[in-house]
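**Q** My questions all concern the structure below.
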Amino acid sequence: MSLEEFKSSVILVKRKPTKENVIRFLRSLSTVMPSGEDYAITVGSVGGYSYMIDSKGAIMVSVTQDEYLPFFSAKPKHIRFEEIPERVLNSVPGNLRGILDQLRDLILDWNRTGRGEYRKKSEEILNFIIETI
C-alpha cells in the first residue's frame with residue numbers, strides 16, 4: 001500500500017466506519033510505520049490482550065504479571081487483521097485521533113536517529129497528520 005492509500009483509508013474510516021474500512025485503515029497504517037521492533041501502535045485491549053500494529057502487521061500481546069515478583073511478561077504474536085476482536089475494531093474510529101497521535105510521536109522519535117528512504121515519507125505522513133487533526 002502507498003501513502004495515498006493510507007490517506008484515503010483515514011478519510012474513509014472517518015466518513016464510513018465499517019469493519020472493512022477499519023481493517024483497511026489498519027493495514028495501511030502498518031505500511032507507513034517506521035520499521036523496527038521498537039515501533040508499534042496500540043489500537044485497543046480486550047481481556048488480558050493488547051492489540052497493536054507495527055510495520056509487519058497486527059500483533060496480539062498477552063501481558064501477565066509474574067507471581068511474587070513486580071515484573072511483567074509479554075508474549076507477542078503476529079495475527080491476521082481479521083483476527084482482531086470486533087470490540088477493538090469498533091473502537092478504532094472513535095480513537096482515530098489517538099492512533100494518529102501515536103503515529104506522529106513514533107515518527108518524531110524515529111526522525112531523531114533514523115536515516116534513509118523513510119525520512120521523506122515520514123515528513124509527508126507528519127504533514128498529513130497535522131492537516132487531518
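Each value in this text was obtained by applying a stated rule to the coordinates, not by laboratory testing. If you're wondering where the values come from, they're calculated on a predicted model, not measured in any experiment. FYI the Cβ positions are ideal-geometry reconstructions off the backbone, even for glycines, and counts take in every protein chain you see.
**Q** Using Cα springs under 10 Å in a Gaussian network model of the chain, which residue among 59, 41, 11 shows the largest mean-square fluctuation?
**A** 11
**Q** If you look for lysine pairs in the chain that are eight or more places apart or on different chains, how many of them have Cα atoms under 16 Å apart?
**A** Pairs that pass both the separation and distance tests number 4.
**Q** Working from Cα positions, state the angle (0 to 90°, nearest 10) between the long axis of helix 3-15 and the longest principal axis of the chain.
**A** 70
**Q** As I understand it, the value is the acute angle between the Cα axis of helix 118-132 and the longest principal axis of the Cα atoms of the chain; what does it come to in degrees, rounded to 10?
**A** 80
**Q** Follow-up. Scan around residue 79 for amide H atoms under 5 Å from its own, H built in the peptide plane at 1.01 Å from N, and keep only partners 5 or more places away or cross-chain.
**A** Answer set, sorted by chain and number: 58, 59, 60.
**Q** For helix 19-31, report the angle its Cα long axis makes with the longest principal axis of the Cα atoms of the chain; keep it between 0 and 90° and round to the nearest 10°.
**A** Tilt of helix 19-31: around 80 degrees.
**Q** Let's test the formula: R0 of 41 Å, r as the Cβ-Cβ distance of residue 71 and residue 113. What FRET efficiency results, to the nearest 0.05?
**A** Numbers: r = 28 Å, r/R0 = 0.68.
Working from the Cβ atoms, E equals 0.90.
**Q** Here's something else I'd like to know. Picking from 39, 126, 108, whose Cα lies most toward the positive end of the charge dipole for the stretch 3-132 (charges on Cβ: Lys, Arg +1; Asp, Glu -1)?
**A** 126
**Q** Roughly how many debye, to the nearest 20, is the charge dipole of the chain about its Cα centre, given +1 on each Lys and Arg Cβ, -1 on each Asp and Glu Cβ, and no other charges?
**A** That gives a dipole near 400 debye.
**Q** Related question: What's the extension gain from residue 15 to residue 131 if we count 0.36 nm per residue and subtract their Cα-Cα distance?
**A** 40.1 nm
**Q** Rg(Cα) of the chain divided by 2.2 N^0.38 Å? Mind dumping the intermediate values first?
**A** Values: Rg = 15.2 Å, N = 133, 2.2 N^0.38 = 14.1 Å.
My calculation over the Cα atoms of the chain gives 1.08.
**Q** Now, a different point. What 222 nm value per residue comes from the helices of the chain, counting each DSSP H run with n ≥ 4 as -39,500 (n - 2.57) and dividing by all residues, nearest 500 deg cm²/dmol? Before the final figure, lay out each step's value.
**A** Details: 5 runs with 65 residues, N = 133.
Mean residue ellipticity at 222 nm (helix-derived): -15500 deg cm²/dmol.
**Q** Another one. In whole angstrom, how far apart do the alpha carbon centroids of the stretch 25-40 and the stretch 84-114 sit?
**A** Going from one Cα centre to the other spans 9 Å.
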